[in-house]
Amino acid sequence: RLTRAFYLASTEVTNAQFRKFQSLHSSGIQARSTLDNETQPAVNLSWASAVQFCNWLSARDGLPAAYGADGALVQPVNTGYRLPTEAEWEWAARFAGGRSLRYPWGAAMPPPAKSGNYADRGAEAVASPVLVDYEDGYVTSSPVGSFTSDALGLFDMGGNVSEWTQDRYTGVPSMSGEETDPFGPETGDARVVRGSSWAHGSVISLRLAYREFSDGQRPDLGFRVARYAE
């Protein structure tokens, strides 16, 4: 149960935006396809780097820092920029417009034309499995906002790149009753990653319910920012 109104960025943070914070950042190249253009999402960065960007952005905009020097959220959680919690990401992605979505585009496979950036037939050199009957025009990541937004005006909640969340990962969450504004487990080295990417082409990984984890950087893993409204 989410009780505090929150903002969620409409797009993933781009290379151009991230380089205002870390000028030498490079998202790299994957199979001769660049990930480093200004309007592509920033990838190949750690969870800690994403958190540091959030604090830098808060300072730039005159907001309190959401994270302490150790990377832990300041308590009580303030209105500074931070990574979205898994619960916030899930709500925004799956319940857009009052509909409980199974996939970013709707209820059934395959994805309709131009519905997002996934592992299509043109991505066989960089991904497996691929959607053999789908073509999105990009081998790897696309410029953010290249495809239609969802009902909440959010772009690429499925596809393009997967996204870091605030929560630590401890396997399948235990259900011990309703939780209010959860921020995940207090322990765990890895962080929850949500959303599919240009490297995903299976039925399971394209579902909005799909969740995985990471403790390092990946060429298909970026982030978007969130913050409480008040």
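The values are calculated or read from the model by the stated rules, or taken from the named source; none is laboratory data. Note that the structure is a prediction, hence the values are computed from the model and not measured. Cβ coordinates were reconstructed from backbone atoms using ideal geometry, including for glycine residues, and neighbour counts include every protein chain displayed. The accessibility values were calculated without ligands, DNA or RNA, using every heavy atom of the protein model including side chains. Shrake-Rupley method; radii C 1.70, N 1.55, O 1.52, S 1.80 Å.
Regarding S142, is this residue within 23 Å of G28 (Cβ to Cβ), hydroxyl-bearing (S, T, Y) and at pLDDT 95 or above?
Judged against the criteria, S142 is a match.
On the given criteria, is F213 touching a residue at least 12 places away in the same chain (Cβ under 8 Å) and not in a loop (DSSP other than H, G, I, E, B)?
Considered against the rule, which asks whether it is touching a residue at least 12 places away in the same chain (Cβ under 8 Å) and not in a loop (DSSP other than H, G, I, E, B), F213 comes out as yes.
For G171, state whether it is surrounded by fewer than 24 Cβ atoms within 10 Å (Cβ to Cβ) and modelled with pLDDT of 95 or more.
When the stated conditions are applied, G171 does not pass them.
From the set of residues in the stretch 13-33 that are without any contact (Cβ under 8 Å) to a residue 60 or more places away in the chain and outside any helix (DSSP H, G or I), which is least open to solvent (accessible area, probe 1.4 Å)?
The selected residue is H25.
Only one residue in D167, D156, D181 is assigned to a strand (DSSP E or B) and either of a type in the set (K, R) or in contact (Cβ under 8 Å) with a residue 60 or more places away in the chain (or both), so which one is that?
Residue meeting the stated conditions: D167.
Listed residues A59, A65, A72; which is in contact with a Ser or Thr (Cβ under 9 Å, 6 or more places away or on another chain), over 16 Å from G222 (Cβ atoms) and free of Cβ contacts under 8 Å to residues at least 40 places away in the same chain?
Details: A59 fails: in contact with a Ser or Thr (Cβ under 9 Å, 6 or more places away or on another chain); A72 fails: in contact with a Ser or Thr (Cβ under 9 Å, 6 or more places away or on another chain).
The match here is A65.
If you go through the stretch 60-69 one residue at a time, do you hit one that is at positive phi and open to solvent by less than 50 Å² (accessible area, probe 1.4 Å)?
Within the stretch 60-69 (the criterion being at positive phi and open to solvent by less than 50 Å² (accessible area, probe 1.4 Å)), the answer is no, since none of the residues qualifies.
Suppose we filter the stretch 1-59 for residues that are among the aliphatic types (A, V, I, L, M) and under 22 Å from A127 (Cβ atoms); how many remain?
Summing the residues that are among the aliphatic types (A, V, I, L, M) and under 22 Å from A127 (Cβ atoms) in the stretch 1-59 gives 6.
Here is a list of conditions, (1) open to solvent by 60 Å² or more (accessible area, probe 1.4 Å); (2) in a loop (DSSP other than H, G, I, E, B), and I204 meets all of them except one; can you say which number that is?
For I204, the failing item is (2).
Considering only the stretch 37-81, state which residues are under 30 Å from G106 (Cβ atoms) and outside any loop (DSSP other than H, G, I, E, B). Steps first, answer last, please.
Our first condition is that a residue be under 30 Å from G106 (Cβ atoms); within the stretch 37-81, this holds for 37, 39-43, 50.
Matches in the stretch 37-81: P41, A50.
Considering the stretch 191-207 alone, what residues qualify as being polar (S, T, N, Q) and in contact (Cβ under 8 Å) with a residue 24 or more places away in the chain?
Those that are polar (S, T, N, Q) and in contact (Cβ under 8 Å) with a residue 24 or more places away in the chain: S196, S197, S202.
Go through the stretch 216-230 and report how many residues are under 25 Å from T39 (Cα atoms), open to solvent by 40 Å² or more (accessible area, probe 1.4 Å) and not in a strand (DSSP E or B).
Just the residues of the stretch 216-230 that are under 25 Å from T39 (Cα atoms), to begin with: 216-227.
Of the ones still in play, those that are also open to solvent by 40 Å² or more (accessible area, probe 1.4 Å) are 217-218, 227.
Narrowing further to those that are not in a strand (DSSP E or B): 217-218.
Number of matching residues: 2.
Every residue, every condition in (1) assigned to a loop (DSSP other than H, G, I, E, B); (2) free of Cβ contacts under 8 Å to residues at least 40 places away in the same chain; (3) under 30 Å from L63 (Cβ atoms), yes or no:
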{"site": "A92", "(1), (2), (3)": "no, no, yes"}
{"site": "P112", "(1), (2), (3)": "yes, yes, no"}
{"site": "A127", "(1), (2), (3)": "yes, no, no"}
{"site": "V139", "(1), (2), (3)": "yes, no, no"}
{"site": "G145", "(1), (2), (3)": "yes, no, yes"}
{"site": "T148", "(1), (2), (3)": "yes, yes, no"}
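Please find, within the stretch 87-121, the residue that is modelled with the highest pLDDT out of those that are of a type in the set (F, W, Y) and surrounded by fewer than 20 Cβ atoms within 10 Å (Cβ to Cβ).
Kept after step one, since they are of a type in the set (F, W, Y), are these residues of the stretch 87-121: 89, 91, 95, 103, 105, 118.
If we keep only those that are surrounded by fewer than 20 Cβ atoms within 10 Å (Cβ to Cβ) too, we end up with 91, 95.
Values: W91: 93, F95: 81.
Looking at residues that are of a type in the set (F, W, Y) and surrounded by fewer than 20 Cβ atoms within 10 Å (Cβ to Cβ), I get W91.
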